[in-house]
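FYI, it's all coordinate maths here, none of it is from the lab. Note that the structure is a prediction, hence the values are computed from the model and not measured. Reconstructed Cβ throughout: ideal geometry from the backbone, glycine too, with neighbour counts over all protein chains shown.
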Amino acid sequence: MEVHHHSHTARKKWTHYFWEFLMLFLAVFCGFLAEYKLEHTIEHERGKKYATFLYDDLIKDTLVLSNRTQFMQIGIMKLDTLIAALQHFTNSDSAIKRIYALSNYAYAAPFFGATTSTLEQLKFSGSLRYFNNSELTRRFSEYDNDLNNLKYVEQMNNYLGEEMRKFLVQFLDLNYIPRYTSDSAGIKLVDPQPTTRLKIYRTDKTVFEQYANLCRLKQFDWVNRIGLQKILLHSARGLITSLKRRYHLE
């Protein structure tokens, strides 16, 4: 009678299972590291893209803001000259011409319009997280806060410009007041050449005093705004430096 013997598979050593587990663990771990590295690279590239846009906006805006600040500093001194001309007015062609020439500073309204498309997108889309840098985030918040402070004061004092223009309509011929235009290249004066004798519509003393007082109010406003603009310039330049350092921008 033939006897059949069952075959027995040799038991694997514990080290075999250990190496199988280790290889599986390493495969999963390496996959995780690769995915993390890819995600980190993508976020860094997105951060750099936003940083480049913001950097370009800030470079342009700081130039515009610096030009406006310089214009307003000169304007405060010119308004002093205009106030003196109003206080010592003589009804002569040269005196009237001088008042017209200096009134361009009274008429001017140099408000700062920052480029905020990238700034707003970073704030409200959650994209600020791509910067992943505490110093850069702090600089961004400082600039945003200083910009909002300037906007608030400009809006609060906007009525001064309206009051000035309402007054000038009844005092001078607006067609012949020199005007300043501004762009990224700076502020330029457009000086119309009158074809007839310049006129002042009202010459009583109270009207001159009213104009002088409006000029003083404009000076107070500009002094305040120049201070805020300098603070904003400082924070903008700090943000520019942080962006350059973090993303090696030029």
query: Counting only residues that are out of contact with any helix residue (DSSP H, G or I) (no Cβ under 9 Å at 6 or more places or on another chain) and farther than 27 Å from Leu58 by Cβ, how many does the stretch 118-173 have?
result: 4
statement: Of Gln155, Gln210, the only residue that is out of contact with any Ser or Thr (no Cβ under 7 Å at 6 or more places or on another chain) and loosely packed, with under 13 Cβ neighbours inside 10 Å is Gln155
message: I need a count of the residues in the stretch 88-127 that are in contact (Cβ under 8 Å) with a residue 12 or more places away in the chain, surrounded by fewer than 18 Cβ atoms within 10 Å (Cβ to Cβ) and over 29 Å from Asn224 (Cβ atoms).
response: 5
message: I'm told Lys244 meets every condition in (1) in a helix (DSSP H, G or I); (2) over 27 Å from the mean Cα position of the chain (by Cα); (3) surrounded by 12 or more Cβ atoms within 10 Å (Cβ to Cβ) except one. Can you identify the failing condition by its number?
response: (2)
- line: Checked against (1) surrounded by 13 or more Cβ atoms within 10 Å (Cβ to Cβ); (2) touching a strand residue (DSSP E or B) at 6+ places or on another chain (Cβ under 7 Å), Gly227 satisfies every condition except (2)
